[in-house]
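J.: Take a look at this one; I'll ask things after.
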Amino acid sequence: MNDFEKDFDYLGRIQDYYADNRCLPSYARLMGLLGFASKSAVSKLLARLQLQGFLTRSADGDWAPTDRFFERTLSSQPVPAGMPVAARDVGSDAFAIDQYLIERPSDTLLIPVKGDSMIDAGIHEGDLAVIERRNRANSGDIVIAIVDNEFTLKTLGREQGRFVLLPANPAYPVIRPKAELEIFGVLVGLVRKYRG
């Protein structure tokens with residue numbers, strides 16, 4: 001393993017630690033985590049990771065992760081969900097999920113999905129809906145709406161010139177607001193975690 005590959009191995013261990021603890025490890029903990037014999041070796045690694053754009057120094061001198069720290073590998077080759085195809089070497093690029101899903105961080109929030117009224121749209125209970133706060137939407141957008149003082153996640157539709165909320169499960173009725181329909185935000189992404 002060359003030095004570049006070693007640094008990426010070390011970075012992976014630091015990323016795993018961060019995922020578990022939501023902070024970067026101390027120098028002493030890094031020594032144990034990475035098998036280093038001195039703080040000097042840790043300092044040199046952190047400096048290399050800073051040069052590569054994974055870490056930065058805060059105003060008070062503490063190490064902090066950058067956006068690049070959270071990038072994941074994106075395969076340049078899609079995987080077929082139909083018939084299998086011959087496996088071949090797959091190239092990859094760096095990919096940050098946050099940059100892919102979120103255009104306006106200050107207007108974006110994650111909302112857990114409850115219920116199964118949008119199951120046929122591929123939205124399941126326990127998913128995290130990535131919502132961009134907006135008060136306008138187009139017919140066909142999946143929205144979080146406030147209707148008759150209650151929040152709901154549905155597809156915005158029109159019936160006889162009026163907005164309605166369409167479920168994606170035949171067991172649920174179309175919601176025809178009795179009073180006001182307010183758009184809270186528009187679905188821009190969905191996060192689902194699968195467990196083994």
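Only the coordinates and a few stated rules stand behind these numbers; no lab work does. Quick caveat: nothing in here was measured; it's all calculated off a predicted structure. Note: ideal-geometry Cβ built from the backbone for every residue, glycine included; neighbour counts use all protein chains shown.
J.: How far, in nm, would the chain grow between residue 27 and residue 43 when pulled straight, counting 0.36 nm per residue and subtracting the alpha carbon separation?
T.: Between residue 27 and residue 43, full extension yields 5.0 nm more.
J.: Just the Cα atoms of region 157-196: what Rg and Dmax do they give in Å?
T.: 14.3, 47
J.: Could you give the angle, 0 to 90 degrees to the nearest 10, between helix 3-21's Cα long axis and the longest principal axis of the Cα atoms of the chain?
T.: Tilt relative to the chain: about 50 degrees.
J.: Where does the charge balance sit around residue 25 when Lys and Arg score +1, Asp and Glu -1, over other residues with C-beta under 14 Å from its C-beta?
T.: +1
J.: For residue 191 and residue 149, FRET efficiency with R0 = 22 Å and r from the beta-carbon atoms, rounded to 0.05?
T.: FRET efficiency, residue 149 to residue 191: 0.20.
J.: Working from Cα positions, state the angle (0 to 90°, nearest 10) between the long axis of helix 39-51 and the longest principal axis of the chain.
T.: Computed tilt is about 50 degrees.
J.: If you average over every viewing direction, what projected area does the convex hull of the Cα atoms of region 105-191 give, in nm²?
T.: That works out to 5.5 nm².
J.: Now for a separate question. Can you check what the Kirkwood hydrodynamic radius comes to for the chain, Cα pairs only, in Å to one decimal?
T.: One over the average 1/r among Cα pairs gives 20.6 Å for the chain.
J.: Here's a follow-up. How much space per residue, in cubic angstrom, does the convex hull of the C-alpha atoms of region 137-178 take up?
T.: Each residue corresponds to 73 Å³ of Cα convex hull volume.
J.: Determine the sum of side-chain charges near residue 165: Lys and Arg each +1, Asp and Glu each -1, restricted to other residues whose C-beta is under 9 angstrom from that of residue 165.
T.: For residues surrounding residue 165, the net value is +2.
J.: With a ≥ b ≥ c taken as the square roots of the eigenvalues of the C-alpha gyration tensor of region 1-44, please select rounded if a/c is under 1.5 and otherwise prolate if a/b is larger than b/c or oblate if it is not?
T.: Oblate shape, in that a/c is at least 1.5 and b/c is the bigger or equal ratio.
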